[in-house]
Every structure is written in structure tokens, then in C-alpha cells.
1. With respect to the numbered conditions (1) touching a residue at least 12 places away in the same chain (Cβ under 8 Å); (2) surrounded by fewer than 17 Cβ atoms within 10 Å (Cβ to Cβ), which one is the sole condition not fulfilled by Leu306?
2. How many of the residues in the range 224-258 are touching a Gly at 6+ places or on another chain (Cβ under 6 Å) and under 24 Å from His55 (Cα atoms)?
3. With Arg307, Arg289, Arg280 as the choices, which residue is under 27 Å from Ala57 (Cβ atoms), modelled with pLDDT of 95 or more and assigned to a helix (DSSP H, G or I)?
4. Considering (1) crowded, with 22+ Cβ neighbours inside 10 Å; (2) modelled with pLDDT under 95; (3) not polar (S, T, N, Q), say which one Val317 fails and leave the rest.
5. Whether any residue in the range 92-105 is part of a loop (DSSP other than H, G, I, E, B) and either charged (D, E, K, R) or closer than 30 Å to Thr128 by Cβ (or both) is what I want to check.
6. Which of the strands (runs of 3 or more DSSP E) contained wholly in the range 114-197 include at least 1 residues that are surrounded by 19 or more Cβ atoms within 10 Å (Cβ to Cβ) and touching a residue at least 60 places away in the same chain (Cβ under 8 Å)?
Amino acid sequence: MNPHSSSVLVIGGGVFGCAIAYELAKRGLQPTLIEQDDFSAHASSKNPGNLNPIHGAPPALIPLALKSFALHRTLAAELAALGCVDYDLQPVRRLLLAFDDAEQMHLQEAARSFAGRDGFATADLDSTGARKLDARLSEHIHSALLVEGNMSVNSRLFHQALADGAVKLGATIVRDRVTEVLGEHGRVKGVRTTSGTFACDAAVFATGPWVGKIREWLGFDLPITPIKGEMVRIRLPGQALQFDFTHGMTSLYRRGKDECWIGVTKEDAGFDEQPSTTGRNRLLNAAARIMTAVDGAEVLEQIASLRPMSPDGMPMVGPIPGWENCYVANGGGIKGMLLCTGVGVAIAETISSGSTEIPIQKITH
């Protein structure tokens, strides 16, 4: 086996790993990212690319979410300057929907969460006002909250642009599987893979739901659960959506020129990534309640992927207790596409200068 050397090894090539590699490379650290699967195989390239820092975020997460949201604009300009693929960063207008008085109370709570946030605005709509925006909405809708200020990306192209940007700045990407971590006296010296060994000064583990080996390698129990989410990509009859629509866990997302993504299910199914008939039917039926035109839609693709969820919904980012030069970045859950920018900067700053001003929580045993 041939030995290799890198200042920092990043284990895992999802958006967390790619963002970390990019930020490390931007600081001249020439990281090596090791990923065993195709980049398009998992959740980082199989999601509707929501960048929504407030709705659905635990209160403790909002400072990091807002910082990450702002960093997306900076990152987009940087990647464009490097000649990376355009990943369709654009503003999103979303209608949160209620079917009765009780659900309207939740809309009022949502409106309060956006109040006073720079760059965000909300407007209350009755059923008539909502249907004026899209006449295909169900006539049973009671009211809606129009939210403006969020953004979205094409997740697959964004993931690609991050990886390409990291390489353009000096990172190396290796397609391989880590089989062993080489360390002693609380320091990681490198890793062994199926084809060689890689020495390093520091290592970052951004493995997403696949955390079982981390306990074996590092003696650190990372409480991350794989949560299966299914989505269906469709093309509606008539004009393309101009808004995103959300009722509870079900959303219709306007994406691309004429596509709509329907999401999402949430299931603790271990490491099962296979789409199911049950999931497909559940999504289509729930979406048809929002917009009856879904019944006549062309189904383009059904998608299933695993999202790494922590017990409290907060990402686990920072030094691993008991190790001098070992870091973790995990637990992005449904906000991974959004949070990757802040996580990338936080890890890169911590490794390069010993601290970060990005608002992340300290990891403890």
C-alpha cells in the first residue's frame, strides 16, 4: 500500500464534508476528502435544496441557521468566480397552509417567528387570496401565510459545485473506504483505506448517518440516527408552480423550469434507502389534498435517502472530546443544505486558528 500525506483528512463527501474541504482549501490547508460512494448517491444530492433558516428550526438553531443563510450568498459568488457549475440559487416564496381555525393558529405562530428578521416578510391570506396566487389550490383551504425571503438551490448541482470548488483551490478527492483510524495518545496520525494509508495533522469525520465505526475507531458515541425521507418528483399539468406550498409535513416545491418536488416522509427505517409504494402513495395523496391537479401529474422519479438526525435537532460540530486533532461535523438533518456553509467555516476556522465565531454548540460526552 502506498502512503499519502495531507494536512487535514475529511472523511465523508456529503455537503458537510465538501463545504469543510472547500473552506480548508480556501485557507491554504490542501485537505484530502475521502468518500467511498458516488457523490450523487445519498441525501446531499437528493433533496429539493431548501434554504430556510427559520421555519421548522429549533430556536437554538436559528443563530447558526441565519449565519449559514448569509454565507450562501458569499459562497455563490466565490464558486461562480471559480467557474463552477451554476446551481440555480434563487429566492423562494412559500405559502404555509391551514385547513381550519386550529391550524391557522399555527400560521400565526409561524408569522411571529419571522417578525423583525431582516430580509424576511410575511402576509396573511384568506382562502380567496391564496387561490388567487394559484387557482389549482384546494377550495377547502381555510387560510395561508405567504413567506418571502427564503432561497433554494439545485441540490445535486450545488453539491457538485462545492466539490469542484474545493478541488480548484487545492483539495484532493479520493474515492475509497476508510477501514481503520491510526492514532495514539489522543491524536489521530492518519487513516488506513482499502488501497493505502493517509497520514494527517488533523481529521474531520463528516460521515452523515454512517457513524457506527466512529465509536469503534475513536471511542466516541455519536448519537446520530438515520431517518429515511421519501420524495416524489412530478410535472404538473398546466403552468409550472410559482410558489412553494406547505401543509404540515407535506410540501410542493417549485424547482427547475417546470418540475415540482413533493416531500417528505419521515421514518426510522435503519439504513433502508429503497423507495416504497407506501411512501409514494402517502406523498401523492397528501399533495393532492393541497392541489387536486396532482392527481393528473406525470411522475418523474421517486427518491429515498437518509438524513442524519441528532436527538435535539442540533448539529454536532467541533472537536471530539478526548482527541487533540479530531473533529466531527454531523446531524444536519433536514437543514443540511442550509447549514453546510456555517459548518464548513466553523470547522476550518477551528482547525486553522483554534477558534470560531460561528455559533455552534460545544460537543460533550
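The values are calculated or read from the model by the stated rules, or taken from the named source; none is laboratory data. Predicted, not measured: the structure shown is a model, and the values here were computed from it. Every residue, glycine as well, gets a Cβ built from its backbone with ideal geometry; the counts of neighbours run over all protein chains shown.
1. Going through (1) touching a residue at least 12 places away in the same chain (Cβ under 8 Å); (2) surrounded by fewer than 17 Cβ atoms within 10 Å (Cβ to Cβ) one by one, Leu306 breaks only (2).
2. Selection size over the range 224-258: 4.
3. Criteria check complete, one pass: Arg289.
4. (2)
5. yes
6. 143-152, 172-175, 178-184, 187-193
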